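These notes are about the structure you will find just below.
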Amino acid sequence: MIRLNNDWQCIYTWDDDFLTHPEYPSENVRLPHNVGDLPLHYCAQKYYDTVCGYRKFLKVGPEWAGKRIFLQFDG
């Protein structure tokens, strides 16, 4: 089993260029990750509605050729 929690890239405001440009500026984070902290009884909806992005690049070696690979995401 390979743990995938570390070395995710995160952006806090969505930009489509994040998908296609590996050099896009981002923050290196560990999952689970929290996009922002708000007080418990803070109810301004605009602070809860946001679109952000996460990505992780996986290096697949030649020893994986011809094998089935399963990724399981729990959340």
For residue 45, work out the one condition from (1) farther than 22 Å from residue 8 by Cβ; (2) touching a residue at least 60 places away in the same chain (Cβ under 8 Å) it doesn't fulfil. (2)
Residue 54 vs. criteria within 18 Å of the chain's Cα centre (by Cα), surrounded by 11 or more Cβ atoms within 10 Å (Cβ to Cβ), of a type outside the set (S, T, N, Q) and under 21 Å from residue 1 (Cβ atoms): yes
Among the residues in the range 33-48, are any assigned to a loop (DSSP other than H, G, I, E, B), modelled with pLDDT under 90 and among the charged types (D, E, K, R)? yes
Take the range 18-30 and flag every residue that is hydroxyl-bearing (Ser, Thr, Tyr) and surrounded by 11 or more Cβ atoms within 10 Å (Cβ to Cβ). 24, 26
Just to be sure I understand, how many residues within the range 1-25 are free of Cβ contacts under 8 Å to residues at least 24 places away in the same chain, assigned to a loop (DSSP other than H, G, I, E, B) and of a type outside the set (D, E, K, R)? 5
Hey, does the range 60-70 have a residue that's in contact with a Phe, Trp or Tyr (Cβ under 8 Å, 6 or more places away or on another chain) and either surrounded by 10 or more Cβ atoms within 10 Å (Cβ to Cβ) or part of a loop (DSSP other than H, G, I, E, B) (or both)? no
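Does the range 3-17 hold any residues that are under 21 Å from residue 71 (Cβ atoms), open to solvent by 80 Å² or more (accessible area, probe 1.4 Å) and under 13 Å from the mean Cα position of the chain (by Cα), and which are they?
Within the range 3-17, just 7 meets the criteria.
The values are calculated or read from the model by the stated rules, or taken from the named source; none is laboratory data. Bear in mind the structure is a predicted one, so any value in this text is a computation, not a measurement. No Cβ is skipped: glycine too gets one built from the backbone with ideal geometry, and neighbour counts run over all protein chains shown. Areas reflect the complete protein model, heavy atoms only, side chains present, ligands, DNA and RNA absent. Shrake-Rupley method; radii C 1.70, N 1.55, O 1.52, S 1.80 Å.
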